[in-house]
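Comments concern the structure below.
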Amino acid sequence: MNKVVLVTGANSGIGLALCERLLSQDTEGLQLCLACRNMQRAQAARCALLSSHPTAQVALLQMDTSSISSVLAAAQEVKLRYNRLDYLYLNAGIMPNPQFDVKGFFKGLFSSHIITMFATGEGILTQKDCVTPDGLQQVFETNLLIRELEPLLCHAGRTSQLIWTSSSNAHRSAFKLEDMQHQRGTQPYSSSKYASDLLSVALNTHYNKQGLYSSVICPGFVMTNLTYSILPSFPAFLWTLLMPVFWLIRMFTNTFTLTPYNGAEALFWLFKQKPESLDPQAKYHSLTSGLGNNYTQPRKMDIDLETSDAFYEKLRQLESEVRKKLKEKQKVCSSLAGPGSS
């Protein structure tokens, strides 16, 4: 049977590179679904994939992971199309309203922290407004998607995998359980990625017995549209001037993967592993040597099971409250529409 693979944020960058790598390995044995916000870009990505793999099965799904209504509608559509999901790549990412610290940049440029600065944005970036238009952190919307797709992900006698694109910028210090929406902080990206790591560990605790396994990866420092959008006013020629510096830095560190293809290494590597053999508390890092060789390395995450479980329970409680509000809203809409409306 064909493996069913759904990839969020698949129209560009690491998501698109992953899809290309998956199809390059097995064109005939996959049903690939690209879940994207922008359908015009998604269609362009599909055309690009089919030009290289004309016999591939590549479907599109409109989904905005920052919108509850969009997530619920997309999940319903997936359940209509498929009777199971083998892989769910939770790759869609955001960088909320980054503010660039020019002084911090030049200070870090001539310090021993230059590699960490470029790899994680530490010391040069702050962000605001981490919550979605629904007033929720994006990790909640993603958890809601997982919960909605449970019937397709959990089947007796087979395994399925959730694979999150996280970051080395996921720091425990940025996350507070009592402020999990990060409304009082200045590092929503770091906080949301740490929240994803926490949730992944909790999901393994609650779902492994049902055949569902969760893993997180770090793609390393990759030049994608997300990276460029961090500095929208940064002149293009400066990026060009910096690229030789990045290539030079890669001779001294393996975290500078630089290209989406290299950044997708851990995502692709996990596709080929037996999920039962993976460490649920490890983050799998895409790494590239100075000579350009790609490989994957697991590194233990700074997470304790108690915090992970507490966060999971808070999300479940929040989910219950949101579903209740949605039902109340639907009742109001139905009553206003009247008995004769369709």
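The values are calculated or read from the model by the stated rules, or taken from the named source; none is laboratory data. Small disclaimer: the values here were computed from a predicted structure and weren't measured. Positions of Cβ are generated from backbone atoms using ideal geometry, with glycine treated the same way; all protein chains shown enter the neighbour counts.
Sub-9 Å Cβ pairs linking a first residue in segment 142-166 that is in a loop (DSSP other than H, G, I, E, B) to a second residue that is of a type in the set (K, R), at least 6 apart or interchain, are L149/K79; H155/R84; R158/R84; T159/K274; S166/K193; S166/K283, ordered by first then second residue.
Just one residue in the set L60, L85 is within 21 Å of the chain's Cα centre (by Cα), at pLDDT 95 or above and in a loop (DSSP other than H, G, I, E, B); that residue is L85.
Among residues of segment 173-195 that are at pLDDT below 80 and hydroxyl-bearing (S, T, Y), those with a Cβ under 6 angstrom from a residue that is surrounded by fewer than 22 Cβ atoms within 10 Å (Cβ to Cβ) and not in a loop (DSSP other than H, G, I, E, B), sequence gap 6+ or separate chain, pair up as T186/T126.
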